[in-house]
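Worksheet: one structure, shown below.
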2 protein chains.
Amino acid sequence: MANETKIKSLDAFFNPQSIAVIGVSRDPNKVGSVILSNTLQNQMGIKVYPVNPHLDEIMGLKCYPSVVDIPDKVDLAVISLPAIFVLDTIKECIRKETKAAIIVSAGFGETESGKELEIELKKTIKQSEMRVLGPNTLGILISGKLNTFFLPYDKSTTPPAGHIAFATQSGAMGHLLLERMAFYGVGTSAFIPVGNKIDVDENDLIEYFARDEKTKCIACYLESFAHGKNFFELCKKVSPKKPIVMLKTGSSKWGARAAASHTGALAGSNLVVEGALKQVGIARAQTEEELWDFANFLAYGKVLQGNRIAIITPAGGMGVTATDCIERTPNLTMAELSVSTKERIKTRIPPFASAGNPIDLTATSTPEMIDGVLEDLQKDNSVDGILMFSIPQPPLPVTDEQIEIVVKWARQGKPLVVGTIENRLTTECIRKYAREAVPVFPSIERAIKALQVSFERGEYLKSCQEGEKNKNET
Amino acid sequence: MANETKIKSLDAFFNPQSIAVIGVSRDPNKVGSVILSNTLQNQMGIKVYPVNPHLDEIMGLKCYPSVVDIPDKVDLAVISLPAIFVLDTIKECIRKETKAAIIVSAGFGETESGKELEIELKKTIKQSEMRVLGPNTLGILISGKLNTFFLPYDKSTTPPAGHIAFATQSGAMGHLLLERMAFYGVGTSAFIPVGNKIDVDENDLIEYFARDEKTKCIACYLESFAHGKNFFELCKKVSPKKPIVMLKTGSSKWGARAAASHTGALAGSNLVVEGALKQVGIARAQTEEELWDFANFLAYGKVLQGNRIAIITPAGGMGVTATDCIERTPNLTMAELSVSTKERIKTRIPPFASAGNPIDLTATSTPEMIDGVLEDLQKDNSVDGILMFSIPQPPLPVTDEQIEIVVKWARQGKPLVVGTIENRLTTECIRKYAREAVPVFPSIERAIKALQVSFERGEYLKSCQEGEKNKNET
């Protein structure tokens with residue numbers, strides 16, 4: 001398949017007009033029924049056709065004996081049959097000219113007994129034009145459009161529609177992160193667990209996401225590269241236009257062993273991977289938290305054009321702790337505010353507050369003070385980015401007025417990140433910022449690491465421009 | 001005051017029989033009234049006497065014109081008057097032979113205009129036997145006994161009674177961490193924000209906590225040392241018996257400036273502090289998360305006698321990510337399970353699961369499997385500690401049966417830490433483990449860092465024993 005056609009063919013996953021759910025059952029708790037029920041929740045008018053030769057009807061819908069019996073074209077088939085029935089079903093889907101299939105079923109290459117079956121499946125698919133995701137995948141989430149998970153609707157929450165596209169080789173960990181994003185309302189554009197990658201792999205998805213207008217950042221959990229060389233060439237092209245964050249595991253000695261036993265993957269040496277990722281502009285996360293945090297800032301935050309950070313806090317201790325943290329963070333430094341900025345800030349805050357950096361408004365901080373100080377910092381050329389601690393000043397929670405002001409400056413001003421400490425008092429505040437697409441982090445260090453990644457992104461983009469310029473001049 | 005008397009005198013804060021609340025008001029939202037209302041919640045039969053010369057009665061209690069008018073001895077006075085009235089009130093408390101006072105009021109040494117007032121106050125107190133906490137403190141929490149916070153009861157939650165004692169130089173940050181502990185039900189023995197430390201300081205508290213039977217770990221946030229030399233001598237004595245965790249900030253160049261402006265403190269160079277803390281056996285936290293996490297494990301977890309970790313997971317991706325993390329953690333390493341352990345584990349798990357380390361039970365993991373594998377690991381001499389991922393296997397949450405089994409082995413077996421990813425699906429599970437006093441962490445890296453700190457604690461204790469032995473031999 002030509003590359004252009006290959007990527008275009010993924011539309012059947014992202015924008016299907018008709019879906020066959022193969023393997024439904026009378027028991028509403030069974031995987032197939034849950035998928036059918038989730039699929040039916042789509043608000044896009046996607047037609048859904050259940051398939052089971054032993055049923056006439058399910059959930060008020062006519063049930064078809066096989067996919068070939070459906071009196072309509074089928075864009076996407078979702079298959080949740082026992083592994084041994086999958087090959088024949090895939091052949092029927094090909095005969096039906098189904099454009100794409102998701103194989104949820106496990107028991108293939110990830111097990112000893114299923115390896116043969118997977119090879120057979122791969123061979124069959126290769127001879128067709130049908131695109132296949134899986135096997136051994138959780139299903140997909142296309143935000144605001146479609147959810148084919150086998151997780152019951154009431155036992156799983158999905159994030160609102162947003163700008164982070166997420167491809168993951170681990171369904172379970174990916175899903176826990178997705179739930180974490182849903183918990184705070186950090187929006188995704190799509191969530192695709194790739195499973196055993198017999199056809200659709202991270203390269204396909206990254207290329208698709210690169211063109212997807214909704215996606216502003218591509219997040220990836222990988223244990224192995226499907227085609228390492230293609231991957232790096234692809235990312236080199238994509239990174240200058242859209243940030244990619246990656247948690248690449250299984251690269252340590254023991255990790256490689258673990259990855260081999262988890263997904264049969266050959267993981268590649270850590271140092272080689274580290275260097276290669278950096279060279280193609282990928283932000284490397286070392287933990288699942290960093291994967292989420294970095295994607296959050298790269299999707300919703302602004303790129304830092306320099307490394308000088310100003311801190312605003314109503315709590316002195318947060319300011320001091322953050323200052324230490326910035327000083328030990330490679331590349332970042334505390335901004336030395338100009339004399340005139342400090343003078344202006346002094347007129348806004350009480351005499352016992354501090355106009356230096358960190359700017360300590362103390363517990364008497366008001367929304368007006370915050371508004372004024374944020375305005376002052378915009379005008380000061382010695383400030384590249386702002387860390388704003390938005391925390392309760394008991395007995396008062398963070399007011400909506402304060403949030404509105406911070407949101408305003410985050411949108412129209414310099415790169416800004418909101419920091420807090422996560423607990424019962426702050427959860428709602430975190431959610432409000434996330435809803436307004438302002439990057440917010442539940443710890444001091446996590447907020448600062450996000451600023452660092454944004455600075456590195458800025459440096460990378462500058463180096464790309466340099467490269468372009470040099471090319472044009474010679 | 002002799003040292004012994006000095007420490008014993010702190011009992012008036014921890015175990016008062018009568019409290020005067022000075023500065024109550026008719027407005028239930030005012031600081032004094034909130035303190036009165038919180039103090040009255042005590043279930044220990046502590047007598048409470050409100051003081052205000054302009055009121056006869058408040059909340060159904062007789063109100064006294066001044067502390068000297070109270071017809072009973074007063075163990076503890078809580079003062080929330082404007083700064084200028086505090087000195088006279090303190091003099092009255094001394095005259096009344098009040099054993100201790102908490103000065104909540106701000107406007108002293110932390111402000112330019114209050115510096116003189118603080119010196120005066122200090123001089124007065126020094127001539128008496130009364131112990132004073134503050135000024136500029138949030139109030140204290142003695143778990144299961146007393147809460148003198150000026151935060152309204154319904155807008156603040158406190159952790160259950162437990163084993164972490166917390167002394168903090170930042171009230172606001174300390175309080176956010178306390179709320180975090182309350183959110184998960186991680187128990188504290190006491191929470192004391194030291195404020196401006198004109199009398200009671202971290203040294204007093206550490207020495208008191210060292211003798212307190214309920215306290216199993218002492219956590220400390222400090223920007224400056226009240227008496228550096230005494231501090232290190234004290235910790236050298238306490239550390240072998242009880243672990244101390246410290247977040248010491250303000251030690252970087254900018255951080256020192258920030259600390260000076262926050263609390264007027266001289267913070268000391270970072271390298272010097274780092275070396276000194278290590279030498280006296282203190283676990284140094286670099287972030288507020290680490291402060292909480294390390295205290296959590298040192299209070300509720302067991303000390304690792306070696307560095308070899310076994311991982312149990314129902315999700316391959318968590319296992320692989322954790323394996324990488326352990327490999328890059330100084331001192332820790334993956335345990336090489338014995339052949340017989342692996343053979344035994346193989347009989348318990350499905351053929352597609354993995355008996356190596358990480359032990360991947362896959363999504364088909366059952367409580368019986370977990371119980372058996374945990375039992376096998378106890379018998380394997382190549383395993384020093386266990387990282388157990390207890391996460392939902394959708395659509396199922398973590399079952400109570402699973403939690404009971406893990407709790408059982410955490411209590412009777414080798415050092416064990418529970419790892420998860422925090423979200424709506426896992427919050428309740430985290431709380432259940434915390435309630436059972438099993439250390440649980442909301443991210444992979446945080447669980448592993450806790451194991452590392454526990455290993456370092458073990459090494460430190462060994463070095464103390466070595467030191468003792470050498471001393472006895474010579």
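Derivation of every value follows stated rules applied to the coordinates shown; laboratory data play no part. Being a predicted model, the structure only gives us computed values, none of them experimental. Positions of Cβ are backbone-derived with ideal geometry, glycine not excepted, and every protein chain shown enters the neighbour counts.
Label points 7 Å out from Cα along the Cβ direction at residue A:253 and residue A:331: separation in nm?
Distance between the two pseudo-spin positions: 3.1 nm.
Give me a comma-separated list of calculated 3J(HN,Hα) values for the range A:133-146, in order, Karplus coefficients 6.51, -1.76, 1.60 applied at θ = phi - 60°, integers in Hz, x for any Gly or Pro.
For the range A:133-146, the Karplus curve yields 9, x, x, 6, 10, 6, x, 10, 10, 10, 4, x, 10, 8 Hz.
Which trypsin sites (Lys or Arg not before Pro) does the range B:185-249 hold that lie in a coil by DSSP with at most 15 other beta carbons within 10 Å?
Here the trypsin sites (Lys or Arg not before Pro) that fit, given the DSSP loop and packing criteria, are B:241.
Please tell me the relative contact order of chain B in percent, rounded to the nearest whole number, where contacts are Cα pairs under 8 Å and at least six residues apart.
On the way: 952 pairs, mean separation 48.7, N = 474.
Reported relative contact order: 10 percent.
If one computes the Cα centroid of the range B:60-97 and of the range B:133-196, what distance in Å separates the two points?
24
On average over all directions, what projected area in square nanometres does the range B:303-458 have, based on the convex hull of its Cα atoms?
Directional mean of the projected Cα hull area for the range B:303-458 stands at 8.0 nm².
Which angle from 0 to 90°, rounded to the nearest 10, does the C-alpha axis of helix B:31-40 make with the longest principal axis of chain B?
Tilt relative to chain B: about 60 degrees.
If each residue's Cβ is checked for other Cβ atoms within 10 Å, how do B:304, B:55, A:36, A:396 rank with the fewest at the top? Spell out each step's value before the answer.
Numbers: B:304 25, B:55 16, A:36 29, A:396 10.
Least crowded to most crowded, the residues run A:396, B:55, B:304, A:36.
Tell me the net charge near residue B:185. Cut-off is 13 Å between Cβ atoms, residue B:185 excluded, with +1 for each Lys or Arg and -1 for each Asp or Glu.
Values: positive: A:424, B:180, B:431, B:432, B:435; negative: B:179, B:428, B:436.
Once positives and negatives cancel, what remains is +2.
Tell me which residues come under 5 Å, amide H to amide H, from residue A:150 once H is placed; ignore anything under 5 positions away on its chain.
Hits under the 5 Å cutoff: none.
Please report the orientation-averaged projected area of the protein assembly as shown, defined via the convex hull of its C-alpha atoms, in nm².
Across all orientations, the protein assembly as shown yields a mean hull projection of 43.1 nm².
By how many degrees, between 0 and 90 and to the nearest 10, does the Cα long axis of helix A:288-300 differ from the longest principal axis of chain A?
For helix A:288-300, the angle is close to 70 degrees.
How far is helix A:171-184 tilted off the main Cα axis of chain A, in degrees rounded to 10, range 0 to 90?
The two axes meet at around 40 degrees.
How do B:157, B:137 line up, fewest other C-beta atoms within 10 Å first?
With the sparsest Cβ surroundings first, the list reads B:157, B:137.
Within the range A:194-294, which GluC sites (Glu not before Pro) sit in a loop by DSSP and count at most 12 neighbouring Cβ atoms inside 10 Å?
A:213
Expressed in nm², what is the orientationally averaged projection area of the convex hull enclosing the Cα positions of the range B:1-138?
8.3
Would you compute, from DSSP H runs of 4+ residues alone, the mean residue ellipticity of the protein assembly as shown at 222 nm, taking -39500 (n - 2.57) per run and dividing by the full residue count, rounded to the nearest 500?
-13000 deg cm²/dmol
Over the range A:1-138, calculate the relative contact order: mean separation of alpha carbon pairs under 8 Å at least 6 apart, over the residue count, as a percent.
It rounds to 22 percent for the range A:1-138.
Straight-line reach from residue B:242: which lysines fall under 16 Å, measuring Cα to Cα and dropping same-chain residues less than 8 apart?
List returned: B:214, B:216, B:278, B:302, B:462.
Measure off 7 Å from each Cα along the Cα-to-Cβ vector at residue A:364 and residue A:30, then give the distance between these two points in nanometres to one decimal.
Going from the residue A:364 label point to the residue A:30 one covers 7.0 nm.
Grab the beta carbon distance between residue A:470 and residue A:11, set R0 = 22 Å, and tell me the FRET efficiency rounded to 0.05.
It comes out at approximately 0.05.
What number does chain A give for Rg over Rh if you use C-alpha atoms and the Kirkwood radius?
1.04
Can you sort B:158, A:39, A:427 so the residue with the fewest Cβ neighbours within 10 Å comes first?
Taking fewest neighbouring Cβ atoms as first place, the list is A:427, B:158, A:39.
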